[in-house]
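Everything on this sheet refers to the single structure shown next.
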Amino acid sequence: MPAMEALFSTSAPFVVPSEVDFFSIIVGVVTGALCGCGRKLDIVGCIVAGLLTAYGGGIIRDLLLQDEGIYFMDNPGVVLICIALAAFVFYFRGWFARLDRSLFVLDAFSVALFALAGANKAFQCGEGVVMVVLLGAITSVGGGALRDVCTGVVPSVFRSSNYYAVAGVAGSVAFAALAFAGVPLIVAAVACVAVVVALRCLSVRYGWTTAAEADYYPYVSRGARKVRDAAKGLIDRHRPS
């Protein structure tokens, strides 16, 4: 059983299987190209939108880590597959419209796997808790943010929406907490994916959204006035006549 012992070892590095990386990239390309179709981009625009969604977060992560090169450049064959798939989406977008629910679930897993890839790579590079969480979150949503910026839309991570960036951050926190606690990394990886997928799906199911506005000043100001008036009254009652 040496393979199982290595898998659950607390010291052995956890390597995200290439098939998992490929799955998340493919889903990113499809969702990005569909987003480009929805925004009336031409075929070049849809291909670029797909590539940005699939690779954008990982490129930002690798540039910040400056450790093992850019993942995007290590697999040119996968890039060609992504270009072909984005073109397919552009010309057969009607077929994908019937897969809306399935694509959402796949997209939730894709975000989760991107978060895992970012957090795990940062951990393997010796980064601390803060950077592991930050790079996990950036990898999970960075591609979508770059796509939105390039298409002239405020990125969804900056707008009131169902949990997207929140889910990526939560999954990265789960991974970092378990990894730095000495838990086997495969367990931390499963926890990361489970947290992201659960939060993403539950937020849509129950309509949980991030707030577009939050101003607690009126409540704090009102409370401060009450405390001030109470203190003044107390002083007045005990002031010598």
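Check Phe96, Phe88, Phe175 and return the single one that is touching a helix residue (DSSP H, G or I) at 6+ places or on another chain (Cβ under 9 Å) and over 26 Å from Val44 (Cα atoms). Explain how you work it out, then say what you get.
Details: Phe96 fails: over 26 Å from Val44 (Cα atoms); Phe88 fails: over 26 Å from Val44 (Cα atoms).
Going through Phe96, Phe88, Phe175 in turn, just one is touching a helix residue (DSSP H, G or I) at 6+ places or on another chain (Cβ under 9 Å) and over 26 Å from Val44 (Cα atoms): Phe175.
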(request) Could you give me the residue pairs with C-beta distances under 6 Å whose first residue belongs to region 21-38 and is touching a residue at least 40 places away in the same chain (Cβ under 8 Å), whose second residue is surrounded by fewer than 24 Cβ atoms within 10 Å (Cβ to Cβ) and of a type in the set (Gly, Ala, Ser) wherever it lies, and which are 6+ apart or on separate chains? (result) Gly36/Gly45
(request) Quick one: in region 206-220, of everything that is modelled with pLDDT of 85 or more and aromatic (Phe, Trp, Tyr), which residue is nearest to Ser160 (Cα to Cα)? (result) Trp208
(request) Would you mention how many residues in region 116-158 are assigned to a helix (DSSP H, G or I) and either touching a Cys at 6+ places or on another chain (Cβ under 6 Å) or on the phi > 0 side of the Ramachandran plot (or both)? (result) 1
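Being among the β-branched types (Val, Ile, Thr), in contact (Cβ under 8 Å) with a residue 40 or more places away in the chain and closer than 29 Å to Leu202 by Cα: is that true of Val154 here? Spell out how you get there, then give the answer.
On the way: among the β-branched types (Val, Ile, Thr): yes; in contact (Cβ under 8 Å) with a residue 40 or more places away in the chain: no; closer than 29 Å to Leu202 by Cα: yes.
For Val154, the condition - among the β-branched types (Val, Ile, Thr), in contact (Cβ under 8 Å) with a residue 40 or more places away in the chain and closer than 29 Å to Leu202 by Cα - is not met.
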(request) Could you check how many residues of region 53-70 are touching a Phe, Trp or Tyr at 6+ places or on another chain (Cβ under 8 Å) and either not in a helix (DSSP H, G or I) or not β-branched (Val, Ile, Thr) (or both)? (result) 4
(request) Please verify whether region 52-59 includes one or more residues that are under 23 Å from Phe180 (Cα atoms), over 20 Å from the mean Cα position of the chain (by Cα) and modelled with pLDDT under 95. (result) no
(message) Take the conditions at pLDDT 90 or above and either in contact with a Leu (Cβ under 8 Å, 6 or more places away or on another chain) or crowded, with 19+ Cβ neighbours inside 10 Å (or both) and apply them to Ala194. Does it pass?
(response) no
(request) Please enumerate the residues belonging to region 43-52 that are more than 20 Å from Val141 (Cα to Cα) and either buried (at least 18 other Cβ atoms within 10 Å of the Cβ) or touching a Phe, Trp or Tyr at 6+ places or on another chain (Cβ under 8 Å) (or both). (result) Ile43
(request) Sort out which residues of region 164-216 are hydrophobic (A, V, I, L, M, F, W, C) and in a loop (DSSP other than H, G, I, E, B), and write them in order of number. (result) Ala181, Val183, Trp208, Ala211, Ala212, Ala214
(message) Going by what's in this entry, would Ile81 be described as surrounded by fewer than 23 Cβ atoms within 10 Å (Cβ to Cβ) and either part of a helix (DSSP H, G or I) or in contact with a Leu (Cβ under 7 Å, 6 or more places away or on another chain) (or both)?
(response) yes
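The values are calculated or read from the model by the stated rules, or taken from the named source; none is laboratory data. Everything quoted here is computed from the prediction, not taken from an experiment. Neighbour counts run over all protein chains shown; Cβ positions are idealised from the backbone, glycine included.
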